[in-house]
1. Taking the Cα atoms only, what angle lies between the long axis of helix 206-215 and the longest principal axis of the chain, rounded to 10 degrees?
2. What percent do you get for the relative contact order of the chain when only Cα pairs under 8 Å and 6+ apart count?
3. Convert each backbone phi in region 288-293 into a coupling constant with the Karplus relation 6.51 cos²θ - 1.76 cosθ + 1.60 (shift: θ = phi - 60°), then list the ³J(HN,Hα) values in order as whole Hz, x for Gly and Pro.
4. Say the dipole of the chain comes from +1 at the beta carbon of Lys and Arg and -1 at that of Asp and Glu; which of G216, V350, N195 then lies farthest toward its positive end?
5. FRET efficiency for Q207 and E301, Cβ-Cβ distance as r, R0 = 35 Å, nearest 0.05?
6. Fully extended, how many nm does the chain gain between A126 and Q100 (0.36 nm per residue separation, minus their Cα-Cα distance)?
7. Order of 58-64, 207-213, 195-201 by packing, highest average Cβ count within 10 Å first?
8. Strictly greater than 19 Å: what percent of every Cα pair in region 111-172 meets that?
Amino acid sequence: PASITYTRQGVPALTLASWDPKVWVGQDVHGYRVVEHVATGASGYVLRATFGQAGTEVALKIPILKPSTRPQVANEPTAGTMTLNETMSEAPRLLELSGQSKYVVQIRGILVDRLNVQEILKGDTALYYRSPPAIVMEFMKGSTAKKLIEDPDYESLYYSEKWGGLVVLVGQMIAVALDMIHKAGFVHLDVKPQNILFNTKPPATGQEMLDRIISGELLPKLADLGSAVKKGGKVIQFTSEYAPGEQVLGDPAEPSMDVYALGASLYAMLTRTPVHSPKLIEAMNKVSSGNDLNRAMKDLESAWDSFDPEFSRIDPKFSLITSVLRQMLAGDPRKRPDAGSVAASLQKLVDKRGILS
């Protein structure tokens with residue numbers, strides 16, 4: 001990129017803290033030619049790349065390797081580093097798992113050298129530029145569920161009489177994916193509309209989108225399996241609009257966290273607003289960015305205990321879906337159904353005459 005200066009050795013004059021993922025555009029990373037920077041998430045950069053003479057498109061996820069933002073815990077690993085450690089130890093299992101459901105974005109390869117990562121974290125930016133750790137995934141040509149509720153191009157889709165049925169269908173398929181992940185002993189920990197991707201561009205009308213999902217031509221898939229953690233493991237990341245309180249407060253990873261996050265995602269798809277109040281979102285964000293961690297945790301406990309989802313925001317015509325969401329969004333994780341039960345409940349709604357007709 002023109003705005004970035006380079007050293008004589010051709011390395012971007014950037015620190016890990018000021019890193020710009022656009023420096024990889026036009027470069028070869030592990031034999032993949034990077035075409036564009038697609039997105040930056042909590043733990044990684046997503047790049048679109050091509051491979052081989054056929055120009056096969058893939059997505060590369062490169063973990064964000066940065067010093068901690070909290071000065072009093074300068075040696076604390078960041079989300080990117082911790083996710084990477086988990087991914088390295090579980091790489092073969094995650095690769096195998098990603099091929100077991102058509103509703104999961106497939107991982108094609110995990111390219112990580114522990115020694116390289118250690119050197120990068122010591123500040124070797126040349127190594128990060130030329131040989132970063134990366135997860136290679138199938139590239140999803142469609143948009144995200146988040147885009148469907150935010151993009152003006154999809155305004156008519158959101159107001160379509162089919163929208164409730166579409167949300168149920170998408171939710172059912174993602175619940176099937178989560179059920180598979182949970183039965184394998186993993187927890188995803190970052191279910192959100194941004195991580196529900198479509199393999200092709202969704203059409204702008206409700207009926208056409210329904211037809212294409214039912215025919216199997218259009219598939220919603222859960223992304224970011226590379227960030228999954230073993231059940232009972234340390235929670236590495238969260239997104240404050242969708243994660244349950246216990247996940248942010250540091251409880252060990254449990255499948256019920258994913259069930260809550262899927263419920264919060266479906267709520268957002270139905271209402272175009274987060275289920276969490278601004279006060280709760282702010283309290284969660286302070287846990288990861290504030291300087292007084294103990295105070296932030298106490299404030300969050302208080303905000304979480306007093307939080308009650310506003311189901312009145314959901315249109316009464318979606319009352320059948322709301323009854324499932326009430327269970328998924330229970331404050332007590334023991335009261336939430338498992339992902340298999342959620343999939344079955346949503347499937348019953350799909351089968352009910354009228355919801356898809």
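1. Rounded to the nearest ten degrees, it is 80.
2. Numbers: 624 pairs, mean separation 52.5, N = 357.
This gives 15 percent for the chain.
3. 8, 10, x, 8, 9, 5
4. So the residue we want is G216.
5. 0.15
6. Between A126 and Q100, full extension yields 5.7 nm more.
7. My ranking of the peptides, most packed first, is 58-64, 195-201, 207-213.
8. That fraction is 57 percent.
Only the coordinates and a few stated rules stand behind these numbers; no lab work does. Given the structure is predicted, the values throughout are model-derived calculations rather than measurements. FYI the Cβ positions are ideal-geometry reconstructions off the backbone, even for glycines, and counts take in every protein chain you see.
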